[in-house]
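In what follows, a structure is listed as structure tokens, so that the remarks can point back to it.
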Amino acid sequence: MPVTQEQVLDALRSVNDPDLNRDIVTLGFVKDVVIDGDRASFKVELTTPACPVKELLEEQARAAVLAIDGISEVEIEMTARVRDRQAAKEDLLPGVRQIVAIASGKGGVGKSTVSVNLAVALARLGAKVGLLDADVYGPSVPMMMGVKDERPLAQSQKIVPIERYGVRMMSIGFLLEEGQAVLWRGPMVHSTLKQLLGDVLWGELDYLLVDLPPGTGDAPMSLGQLVPLSGVVIVTTPHNVAANIAGKAAALFRRLDATLLGVVENMATFVCPTCGTATRVFAGSSGEELANELDVPYLGSIPLDPTVSEAAERGEPSVLAYPDGVQARAFNEIAGKLAAQLSIRSEGASEAEDRAGLQPVKG
Ligand SMILES: Nc1ncnc2c1ncn2[C@@H]1O[C@H](COP(=O)(O)OP(=O)(O)O)[C@@H](O)[C@H]1O
Ligand SMILES: [Mg+2]
């Protein structure tokens with residue numbers, strides 16, 4: 001008796017996505033099952049190219065199908081399609097699947113460092129990534145991405161984003177003269193952000209990361225009003241956790257109805273350049289404790305390391321400059337966890353929609 005598609009699907013029902021907590025058949029990940037004699041081939045379409053358990057799922061899927069009597073060869077194509085956030089009726093960014101703001105209570109905690117490295121890490125994993133520098137008070141993305149002397153061009157009344165390291169970028173810094181001081185008022189912030197979102201040719205993006213100015217002022221408020229956000233990542237240092245600055249910012253974001261996607265701890269440990277051991281530099285609470293307190297995911301910790309800021313000054317994010325370093329590993333891990341959180345949340349939202357009989361805004 002030849003093996004049937006049903007048998008293959010049944011076998012694959014034993015493979016669970018640990019983040020989404022369901023099997024890959026129920027999740028609709030398995031596509032194009034073809035059986036040719038003793039050979040089975042199929043596609044597994046994950047919710048993100050940055051899936052942290054991609055290899056594990058592939059291995060389990062292969063083992064499950066190889067266990068079927070009559071199958072001795074399995075070919076799997078691992079693909080990904082990032083699911084959509086809840087879009088608005090008249091969305092400024094209809095081609096952007098997920099919009100994530102990177103925020104903090106105070107400046108200097110490493111928001112921009114985290115933003116550029118996550119953007120590059122996601123792009124390297126195969127995602128289409130945009131990075132919007134919305135820090136009206138201190139735009140630093142152009143410097144950190146090595147494009148500070150570039151100026152974006154216009155094309156049919158729209159602005160073409162600058163592309164570097166596989167990331168499409170736009171920064172308020174491109175629109176200012178060097179050293180130009182601006183006294184930002186709320187309505188100006190709003191209209192400038194609107195322009196940076198709506199008048200830029202972002203195209204199709206899986207992820208748009210937005211590097212916010214510190215705190216919960218006009219920029220995050222406007223951003224939330226202008227586009228439906230997937231959520232906010234809070235970056236913090238041990239000092240800010242101890243002083244409850246990060247906690248207060250998180251609480252305010254909650255009041256703005258933003259989903260907290262998780263906490264990233266920065267500069268809590270120091271890695272010895274000779275022996276590689278990580279030591280906690282400050283006493284007191286950690287990003288992980290804050291995440292627990294807020295009941296949000298803890299996404300990870302980036303050690304304090306002079307090479308991080310040295311690479312940033314040079315315009316080459318450390319995930320690229322030192323791809324084998326501890327920091328690169330930390331950033332890649334955080335990128336995977338963030339992508340997984342976004343998948344979990346869009347999956348949950350589309351189920352709620354199904355229950356309510358609503359149609360997704362776009363396919
Ligand atoms: N893990 C790290 N190790 C060493 N230096 C860091 C690290 N993270 C950030 N920095 C440095 O700290 C300074 C502030 O970081 P930045 O990302 O600009 O913070 P923010 O955007 O929150 O104001 C920068 O000079 C940056 O290079
Ligand atoms: Mg910054």
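The values are calculated or read from the model by the stated rules, or taken from the named source; none is laboratory data. Here the structure is a predicted model, which is why all the values come from computation and not from measurement. Ideal geometry is used to build each Cβ from the backbone, glycine not excepted, and the neighbour counts take in all protein chains shown.
Quick notes on this one:
- For region 248-270, filtering for residues that are buried (at least 19 other Cβ atoms within 10 Å of the Cβ) and either small (Gly, Ala, Ser) or modelled with pLDDT under 90 (or both) leaves 6.
- Residues of region 206-229 that turn out to be away from ligand 2 (no atom under 15 Å from the Cβ) and modelled with pLDDT of 95 or more, as a count: 3
- For the criterion of being among the charged types (D, E, K, R), assigned to a loop (DSSP other than H, G, I, E, B) and in contact (Cβ under 8 Å) with a residue 12 or more places away in the chain, Asp206 fails.
- Filtering Thr236, Thr274 for residues that are closer than 26 Å to Thr307 by Cα, within 16 Å of ligand 2 (Cβ to nearest atom) and β-branched (Val, Ile, Thr) leaves a single hit, Thr236.
- Residues that are within 16 Å of ligand 2 (Cβ to nearest atom) and in contact (Cβ under 8 Å) with a residue 12 or more places away in the chain, drawn from region 294-326: Ile302, Val308, Ser309, Ala312, Glu313, Gly315, Pro317, Ser318
- Among the residues of region 196-206, some residue qualifies, meaning at least one is of a type in the set (Gly, Ala, Ser), away from ligand 1 (no atom under 16 Å from the Cβ) and under 20 Å from the mean Cα position of the chain (by Cα).
- Number of the condition not met by Lys106 [criteria: (1) under 19 Å from the mean Cα position of the chain (by Cα); (2) farther than 19 Å from Glu316 by Cα]: (1)
- Of the strands (runs of 3 or more DSSP E) contained entirely in region 36-141, those carrying at least 1 residues that are within 16 Å of ligand 1 (Cβ to nearest atom) and modelled with pLDDT of 95 or more fall at 96-103, 129-133.
- In region 142-152, the residues that are assigned to a loop (DSSP other than H, G, I, E, B) and crowded, with 24+ Cβ neighbours inside 10 Å: Met145
- Any hit, region 152-159, residues being assigned by TED's automatic domain parsing to the domain that holds Asp211, among the hydrophobic types (A, V, I, L, M, F, W, C) and within 13 Å of ligand 1 (Cβ to nearest atom): no
- Checklist (1) surrounded by fewer than 19 Cβ atoms within 10 Å (Cβ to Cβ); (2) small (Gly, Ala, Ser); (3) at pLDDT 95 or above applied to Ala11, failing item: (1)
- Residue under evaluation Lys148, criteria (1) away from ligand 2 (no atom under 13 Å from the Cβ); (2) over 18 Å from Leu223 (Cβ atoms); (3) touching a strand residue (DSSP E or B) at 6+ places or on another chain (Cβ under 8 Å), criterion not met: (3)
- Selection within region 286-316: residues that are more than 24 Å from Ile99 (Cα to Cα) and surrounded by 19 or more Cβ atoms within 10 Å (Cβ to Cβ). The member of this set that is farthest from ligand 1 (Cβ to nearest atom) is Ser286.
- In this structure, Leu338 does satisfy being buried (at least 18 other Cβ atoms within 10 Å of the Cβ) and under 18 Å from the mean Cα position of the chain (by Cα).
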